[in-house]
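Below is one structure; the comments refer to it alone.
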């Protein structure tokens, strides 16, 4: 059986790429396709140094730094992949990868990290944050997103079987495409962490500094609480976050995995204020034995057990987060690091591999019966 794996873009080794890494580990003979491939040599291990078939976007002006600006061309580009020689096509989709063209005698399985959020439920937020909610540029952006929605729905029927990275995303797939999806949680490298390290008195958050991650919310809440907070990460919002941070808040910037693991293993609790489709860092924190205080919406509600491995706050507001931390400080709930770690093990790499292979095998058998 010849297998093709299709991913949107290869530029780093983040959450969706870690899924591709494990799919390639399961199917090492698969060929790899991507709209663009700008992976540096030091990161090519996770794709097994495979050659990557790319599209015309790879060679467009300034594509290496600004390939996302070519979003309107991506539906056309992904349709140019010639996959005729493959029996099984696996797409890793958060934008357009599921839109590849296949024949009726080819099985297409799509692992969906999310439907293209900035064209659907986050459109208005995306336009506001990009200052594209008014004027001529705004009208053009809205027209492009309208076109993307039409294409996204039309291409949804090219997929034979969907898998989603959470129940939350499965509901979004149903809402957007009216297609059912198997739930297969993404792989989390829980073996990086030791849950038995003595805990210390500081709180921790790890995040990119972009608006929807709501690092500002965490910083404002801890300014009010006066409790020690360590913030790991960087991004476009660095200056504004630094300006907000009080003396009780330590900004470490981006840190290597070993440093992140060390802080997760020692923190009093991990703060997660954003709404994510899945959310890897709360699972990593639990693998390190840390309770998580999280916004009670999105994928976090599937990975955190309220009162056992963490607490939720109901509104994405400073007041709500402050209240949750104060409840945590009262010690009403007793959090056992071993129990917290046990919960994280449900999202391990080995569990992902078993679940994904079972899903592919089942889908292939059913496909042959049709």
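Evaluate the stretch 65-72: report whether one residue or more is within 22 Å of residue 107 (Cβ to Cβ) and either out of contact with any strand residue (DSSP E or B) (no Cβ under 7 Å at 6 or more places or on another chain) or surrounded by 15 or more Cβ atoms within 10 Å (Cβ to Cβ) (or both).
No: the stretch 65-72 contains no residue that is within 22 Å of residue 107 (Cβ to Cβ) and either out of contact with any strand residue (DSSP E or B) (no Cβ under 7 Å at 6 or more places or on another chain) or surrounded by 15 or more Cβ atoms within 10 Å (Cβ to Cβ) (or both).
Filter the stretch 300-323 for residues that are in a loop (DSSP other than H, G, I, E, B) and crowded, with 18+ Cβ neighbours inside 10 Å; which is nearest to the chain's Cα centre (by Cα)?
It comes out as 304.
Any chance the stretch 217-224 includes a residue that's part of a loop (DSSP other than H, G, I, E, B) and either surrounded by fewer than 16 Cβ atoms within 10 Å (Cβ to Cβ) or without any contact (Cβ under 8 Å) to a residue 40 or more places away in the chain (or both)?
No, the stretch 217-224 contains no residue that is part of a loop (DSSP other than H, G, I, E, B) and either surrounded by fewer than 16 Cβ atoms within 10 Å (Cβ to Cβ) or without any contact (Cβ under 8 Å) to a residue 40 or more places away in the chain (or both).
So the check is Cβ under 8 Å with 6+ separation or different chains; which pairs have a first residue in the stretch 39-53 that's more than 12 Å from residue 11 (Cβ to Cβ) and a second one that's surrounded by fewer than 16 Cβ atoms within 10 Å (Cβ to Cβ)?
Sorted first by the residue in the stretch 39-53, then by its partner, the pairs are 48/28.
Can you report the number of residues in the stretch 158-176 which are farther than 12 Å from residue 277 by Cβ, in contact with a helix residue (DSSP H, G or I) (Cβ under 8 Å, 6 or more places away or on another chain) and modelled with pLDDT of 95 or more? So that I can check it myself, show each step before the final result.
Restricting attention to the stretch 158-176, the residues satisfying the condition of being farther than 12 Å from residue 277 by Cβ are 158-163, 174-176.
Now restrict to residues that are in contact with a helix residue (DSSP H, G or I) (Cβ under 8 Å, 6 or more places away or on another chain): 158-163, 176.
When the remaining residues are screened for being modelled with pLDDT of 95 or more, the result is 158-163.
Selection size over the stretch 158-176: 6.
Quick one: count up the residues across the stretch 250-284 that are buried (at least 20 other Cβ atoms within 10 Å of the Cβ), under 24 Å from residue 224 (Cα atoms) and free of Cβ contacts under 8 Å to residues at least 40 places away in the same chain.
Total satisfying the criteria: 1.
Go through the residues of the stretch 122-132 one by one and say whether even a single one is under 19 Å from residue 174 (Cα atoms) and at pLDDT below 95.
yes
If you check residue 181 against the conditions, is it over 15 Å from the mean Cα position of the chain (by Cα), over 21 Å from residue 23 (Cβ atoms) and in contact (Cβ under 8 Å) with a residue 60 or more places away in the chain?
When the stated conditions are applied, residue 181 does not pass them.
Does residue 53 fit the bill of being surrounded by fewer than 21 Cβ atoms within 10 Å (Cβ to Cβ), in contact with a strand residue (DSSP E or B) (Cβ under 8 Å, 6 or more places away or on another chain) and under 21 Å from residue 164 (Cβ atoms)?
no
Residue 234 - would you say it is part of a loop (DSSP other than H, G, I, E, B) and either under 24 Å from the mean Cα position of the chain (by Cα) or at pLDDT below 95 (or both)?
Answer is yes for this residue.
Could you tell me whether residue 30 is touching a helix residue (DSSP H, G or I) at 6+ places or on another chain (Cβ under 9 Å), touching a residue at least 60 places away in the same chain (Cβ under 8 Å) and more than 24 Å from residue 257 (Cβ to Cβ)?
Answer is yes for this residue.
If you go through the stretch 335-362 one residue at a time, how many are surrounded by 14 or more Cβ atoms within 10 Å (Cβ to Cβ) and outside any helix (DSSP H, G or I)?
2
Could we say that residue 285 is out of contact with any strand residue (DSSP E or B) (no Cβ under 9 Å at 6 or more places or on another chain) and either outside any helix (DSSP H, G or I) or in the same structural domain as residue 212 (by TED's automatic domain parsing) (or both) here?
It is false that residue 285 is out of contact with any strand residue (DSSP E or B) (no Cβ under 9 Å at 6 or more places or on another chain) and either outside any helix (DSSP H, G or I) or in the same structural domain as residue 212 (by TED's automatic domain parsing) (or both).
Going by the structure shown, is residue 201 closer than 16 Å to residue 290 by Cβ and loosely packed, with under 15 Cβ neighbours inside 10 Å?
So residue 201 passes the test.
So is residue 231 under 27 Å from residue 195 (Cα atoms) and surrounded by fewer than 16 Cβ atoms within 10 Å (Cβ to Cβ) or not?
So residue 231 does not fit the description; no.
Here is a list of conditions, (1) assigned to a loop (DSSP other than H, G, I, E, B); (2) under 21 Å from the mean Cα position of the chain (by Cα), and residue 162 meets all of them except one; can you say which number that is?
Among (1) assigned to a loop (DSSP other than H, G, I, E, B); (2) under 21 Å from the mean Cα position of the chain (by Cα), residue 162 violates only (1).
Scan the stretch 237-261 residue by residue and report those that are in a helix (DSSP H, G or I) and within 22 Å of the chain's Cα centre (by Cα). Spell out the reasoning first.
Narrowing the stretch 237-261 to residues in a helix (DSSP H, G or I): 238-244, 257-261.
238, 257, 258, 259, 260, 261, listed by residue number.
What number of residues in the stretch 113-147 are part of a helix (DSSP H, G or I) and either free of Cβ contacts under 8 Å to residues at least 40 places away in the same chain or closer than 24 Å to residue 20 by Cα (or both)?
In the first step, residues of the stretch 113-147 are kept if they are part of a helix (DSSP H, G or I); the result is 117-119, 123-129, 135-147.
Then drop every residue that is not either free of Cβ contacts under 8 Å to residues at least 40 places away in the same chain or closer than 24 Å to residue 20 by Cα (or both), which leaves 117-119, 123-124, 126-128, 135-143, 145-146.
Here the count works out to 19.
The values are calculated or read from the model by the stated rules, or taken from the named source; none is laboratory data. Quick caveat: nothing in here was measured; it's all calculated off a predicted structure. With ideal geometry, Cβ positions are generated from the backbone for all residues, glycine too; neighbour counts draw on all protein chains shown.
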